[in-house]
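Data first, discussion second: the structure below is written as structure tokens.
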Amino acid sequence: MNQNLIVSIEQALATVQHFANLGFWPATALVEQLEWCLRRARRETLEPSPFPLCMAALMHQQHLNRDSYCVLTHQLRDIEQEMERFEMQSLEYVALCA
């Protein structure tokens, strides 16, 4: 379990949840993706993501000219990259155990 990844996901989720509570529709999709990432990083689920992780792209499209969301967009991109590495390590582990 990667504690840094989990903390990053929890922080992003807290921020995005605020926007979802205000009815901002893209935030709802982000919350769903972040919740899956959190369950997966905690190894609470072994299921693959039911959707492509596109959190950073979604934030970038929605807030292209707003500097205040730049940090969140970068954080989401980092989470996506870490989840990809996490998934690759999990697959390698399963292959070695087979």
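Observations on the model:
- For Cys70, Cys37, order by how many other beta-carbon atoms lie within 10 Å, fewest first: Cys70, Cys37
- By other beta-carbon atoms within 10 Å, ranking Phe24, Phe86, Phe51 with the fewest at the front produces Phe51, Phe24, Phe86.
Each reported figure results from applying straightforward, stated rules to the coordinates on display, with no laboratory input. Fair warning: this is a prediction, and the values are worked out from it, not measured in the lab. We place every Cβ from the backbone using ideal geometry, glycine too, and count neighbours over all the protein chains shown.
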